[in-house]
1. So, in the stretch B:704-724, exactly how many residues are part of a loop (DSSP other than H, G, I, E, B) and at pLDDT 95 or above?
2. When you go through B:Val216, B:Val241, B:Val232 one by one, which is the residue that is within 14 Å of another protein chain (Cβ to nearest Cβ), β-branched (Val, Ile, Thr), in contact with a strand residue (DSSP E or B) (Cβ under 8 Å, 6 or more places away or on another chain) and closer than 26 Å to B:Met133 by Cα?
3. Does at least one position in the stretch B:642-658 carry a residue that is closer than 26 Å to B:Phe513 by Cβ, touching a residue at least 60 places away in the same chain (Cβ under 8 Å) and either out of contact with any His (no Cβ under 9 Å at 6 or more places or on another chain) or among the acidic types (Asp, Glu) (or both)?
4. Scan the stretch A:1-19 residue by residue and report those that are outside any strand (DSSP E or B) and either free of Cβ contacts under 8 Å to residues at least 24 places away in the same chain or surrounded by 14 or more Cβ atoms within 10 Å (Cβ to Cβ) (or both).
5. Determine, yes or no, whether B:Val182 is within 20 Å of B:Val73 (Cβ to Cβ), in a loop (DSSP other than H, G, I, E, B) and in contact with a strand residue (DSSP E or B) (Cβ under 7 Å, 6 or more places away or on another chain).
6. Please verify whether the stretch B:302-313 includes one or more residues that are surrounded by fewer than 17 Cβ atoms within 10 Å (Cβ to Cβ), assigned to a loop (DSSP other than H, G, I, E, B), within 14 Å of another protein chain (Cβ to nearest Cβ) and at pLDDT 95 or above.
7. Mind listing whichever residues of the stretch B:721-746 are touching a Lys or Arg at 6+ places or on another chain (Cβ under 8 Å) and not acidic (Asp, Glu)?
8. Scan the stretch B:203-230 residue by residue and report those that are surrounded by fewer than 19 Cβ atoms within 10 Å (Cβ to Cβ) and either within 23 Å of B:Gly159 (Cβ to Cβ) or touching a Lys or Arg at 6+ places or on another chain (Cβ under 9 Å) (or both).
Amino acid sequence: MASLTVNGASREFNGDGNMPLLWYIRDELQMTGTKFGCGMALCGACTVHLDGAAVRSCMTPMSAAVGKRVTTIEGLDAQGQHPLQVAWRAVGVPQCGYCQSGQIMQAAALLQSNAKPSDAQIEAAMSGNICRCGTYTRIKAAIRQAAGVKEA
Amino acid sequence: MNRTELQASRGRLSRRDFLGGTGGAAALGLTLGAWHDRVEAQTEPPKYGAYGMPNGVVENPLVFVAIAPDGIVTVTCHRAEMGQGVRTGVPLILADELEADWARVRVVQAPGDEARFGNQDTDGSRTTRHFFMPMRRCGAAARHMLEGAAAAKWGVPAGEVSAKNHQLIHKPTGRTLGFGDVAADAAKLPVPATGDLKLKTPAEFRYIGKGNVPIVDGFDMTTGRAKYGIDVVMPDMLYAVVARSPVYGGTLRGFDAAEAMKVPGVVKVVEIKGSPVPSAFQPLPGVAVIANSTWAAMNGRKALKLDWEGGPNGSYASDAYRRAMLDAAGKPGKVIRTSGNVDDAMKSAAKTLKADYYIPHLTQAPMEPPSATARFKDGSLEVWGPFQSPQAVRNDIGKRLELPAEKVTVNVTLLGGGFGRKSKGDFATEAALLARETGGRPVKVVWTREDDLHHSYYHTVSVEHLEAGLDAGGKPVAWLHRSVGPTLLAIFMPDPKTESPIELGMGLTNVPFAVPNLRVENPEAAAHTRIGWYRAVSNIPHAFAIQSFVGEMAAASGKDPKDFLLELLGPPRKIDPRDVNDTWNHGEDPVAYPIDIGRLRRVTERAAKESGWGRQMAKGRGLGIAAHYSFTTYVASVVEVQVDDKGELKIPRIDIAIDCGGIVNPERVRSQMEGACAMGVGNALSGEITFKDGRVEQDNFHQFEVLRMNSGPQRIFVHLVDGSYDAPLGGVGEPGVPPIAPALCNAIFAATGKRIRNLPIRDQLKA
C-alpha cells in the first residue's frame, strides 16, 4: 500500500503503478475538476501540481506520484478565492470552462516561480494549455491582473 | 445548423410531412430521400424562426419559472451551455421582464423534452435570436401573474400594482409584498394571453444589453466544481471505451476478446452493431470494453483483436480526392444562381482572373471529448451527457432501443465545447446500448482524443473555383463561383452529390455583390466519411474563397482592398434572399431578415476605421480585411500581421465589428467574437484532417494542431454596432469565424505579396 497527499489529505493507493494520476484522481477519488483532454500531455487540461510543480496528470504514472503532494484545482484554494480564480472571474475568462482548471493550475505554478511574468513569459508558460473556445487573450489579461502587471 | 433545421428548410417545400413530428432521425431519413424531387405547392403559411423548428416554442411561464416562498426565482434553461453563455443569457431575458433581482435568480437545466419546453436544439447560432421574444413574454406573463396575486391579496385593482426589483408595489399606498409572498397564489392564476402582456420598453431593461451580469457558472468553472458530461459520477458505475470501425461504412469481420478479458478490471466485452450507411447519428460499428475504471477499459481495448473490413470508403484518400475536386471545379456544374451573361462579360472584360482555393476537412475537437453515462433499469433508460440536441438523443435512443419516449430520460450537463460535434448523439446511444448489458449498473462511455479525431462528423473539404472580369476602370463586371465539396446531407440520405440549400445559403448563392453578370455553380462531389457541421459550417470555405478573391481582384484593379470590397457590396439596399435563390435564409422570414447591405457596409467601415486602416505599415507588416454575412448577422474583421525574414508569422492585432441587432449580453458577444478570432486563425494556420485508406491520419493534438496562445492574435478589439431591440435579432456563436481566415490571408498578401490559396497556411510562408 502506497500513500500520497492530495489537497492536504493523505490517500492510499494499491493499484496499477502505470495508471496515470489523472484516472486515480477522477475515477478513484471521484474529484472531477481535473480534466481529460488528450491523454498525451498535449493539451494541459489535466494539469495538477506535484510537489508544487505543474505536471500533466494524464502522463504522470501513479508510481511517480506516490509519496508526493498533489494539488488539484479543488485544493488550490478552499474557498475558490486564489488571486487567479478571482481574476479569472473578474475578467470573465471561461466560455465552456472545460480547460480552465488546467489553465488556472498552470498559471498558478507560473506565478509561484515568477510573480511578475512578462507577456512573453506568460505565453511560454501557457502555450501547452489548449483552449478550444479561444479565451487566450483573456487568460493573459487575468494572469496580468492577478500578478499586478501591466500589458507590455 | 443541424438535422432539425434541415427539416425546417425542407418544410418550406413540403411542410405536411413533419408537422407534429418530433424531429427524429426516422422522419428525416424517410423524407429526405425524396426531397430533391419534390417541390409541392405550399398548403399553409410557412413558419419561420423558432416557430419553424420541430416542436416550436413554448411560452408558458409555469414551465420556465418557479418562485419559492423565500422569493428565490428558479429559471429553467432549455438550451445547452457550451461556452456561448446561454445559461446566463436566456434566464436573464426572462428575469428582466419579470423584474426579478438577478442576485435571487437560480438557473436549472432542462432535460431533453421538447413537447414540454419547445425546441431545444442548440445549434445554428439560434438561441438568443429565437428565444428573445418568447422568454420576454414568459417573464412578462409571470410578472402580471404576481401583480394579479398581490392585487387580490390587497383587494385592489390589478392596475394599481406593479412589480419592481423582486417586489410588488401598491402604488397608491406604497405597500409592498415580496415575490415569494404571492408566488403560490400567482401560480394558480390563468396565464395571461399574449395580447394582454405589457412588455418593457428597452429603456426599462435592467439587465438586457447592460453587460452587468457575470456568467452563472463562472465560480464553478474556476474551482473545478462545474460538471460536464464526462464528470458524471454514479454509485456502482462502470466505464467503457469502444473500438470503432476506422472507416465509415466499414464492417467488423470478427474479433477476439480473450486477451482483453484478462486485463485486470475488465468486466465485459460487447459488440455494438453499426447501422447501414448513411447512419445519421447512430453509432459506428464497434466493440466496447466495459471495466471498473477508465484506465482498465483503455487497456482492455488495446488487447482486443479486431478484423475490420474497410468497405466502399476504404480507399478514400485526401490527396486523390483533392485532385478530383479540382478537376470538377474546372468544368461546369449545376447552376445555382445566374444573372446577366457571365460568359460574354468575361470575354469582353479588360482583365480576367481566376483562382482555386482549397479548404481541408476540419473537426470540432471540443476539449471535452464525447462522453455519456447511461443507466437501464426497470425498462427505462436514463442518460446524462453534453448534448446540444437532447431531444434528438432521446429520439435516437428510443428508436435504437425500441423504447417509447416516456421511457427515455435525457439529462443535459454542461458541454466542454460543442462546435457542432455534440449535436450528434452517437456517443449517447453507445452508452444506452451498453447500459442494457450491465445488469442495471450505470456505464460511462469515454471517448479518447484519438477516438474523437478518428470518428467525428467532419467539416466538409472543398475546392472553390473563382473567376472574375474587370472593366478598363477596374470595376467588376463578371463573377463565376464553382463550389465543390461533399454535403452534410450524406449522413442522412444515400449518396447526395450537391450541396443542400443550407450549405448554399451560407454565403454561396447569397453572395451579396453588385456585379451585373454573376453565376454560381455546384459541381458534384460524393462523401466518403461522415460529413457534419462545425462552427460556421460552409461559411468557412465560401467566405475564405470569396473574400480572398476579392482581395485578389482589388490587387488586380489597383484599388485599396477596403474600397474595392465596398464597391463590390454596392450601395446600401436590402436583398430579398429569394431573389438570390436562397430558399433557406437560416430558417428565417425573408421579409424580416433580408440581406441588408447597409449593415454589411457599416461593419466593414467600422472595422476598417477602428483598425486604423490606411496607416503606414512597417516592412513585413500588413492589414487584411474581410466581411461576411451569416446566421443573420453582419461581421467584418481586419487582421494585422507581421511576417519576418524567415517567414515567421505574428498576429499583433485583430479588429472585429459585429452587427447582430439588439444585444442581450454584450460581454458574451465580445467573448464569442474573441473566440471566433482564435478559432478562425487556428483553422487557417494549421487546421487539417486528412484521410488515407479511408482512415483519419491525425491521432491527437500533435497532428491536429489547434490554436495555442503563442500563435494567436495578441490583441483583439471587438466593436459592437448598436442595434435595435425592435428588429429581429441575429446569431452570435458562429458568424465571427468566417471572415477571420480570409482577412488573415489578405493581410499576409499585404505584408509579403504572397497569396495563400490553400489552407492550412502551415509553413507556406517559409518557402
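The values are calculated or read from the model by the stated rules, or taken from the named source; none is laboratory data. Bear in mind the structure is a predicted one, so any value in this text is a computation, not a measurement. Using ideal geometry, Cβ is built from the backbone for each residue, glycine included, and neighbour counts are taken over all protein chains shown.
1. Residues flagged as part of a loop (DSSP other than H, G, I, E, B) and at pLDDT 95 or above within the stretch B:704-724 amount to 10.
2. B:Val216
3. yes
4. Listed by number, the residues that qualify are A:Met1, A:Asn7, A:Asn14, A:Gly15, A:Asp16, A:Met19.
5. no
6. Among the residues of the stretch B:302-313, not one is surrounded by fewer than 17 Cβ atoms within 10 Å (Cβ to Cβ), assigned to a loop (DSSP other than H, G, I, E, B), within 14 Å of another protein chain (Cβ to nearest Cβ) and at pLDDT 95 or above, which makes the answer no.
7. Listed by number, the residues that qualify are B:Val721, B:Pro728, B:Leu729, B:Gly730, B:Gly731, B:Val732, B:Gly733, B:Val737, B:Cys745.
8. Across the stretch B:203-230, the qualifying residues are B:Ala203, B:Glu204, B:Phe205, B:Gly211, B:Asn212, B:Pro214, B:Phe219, B:Asp220.
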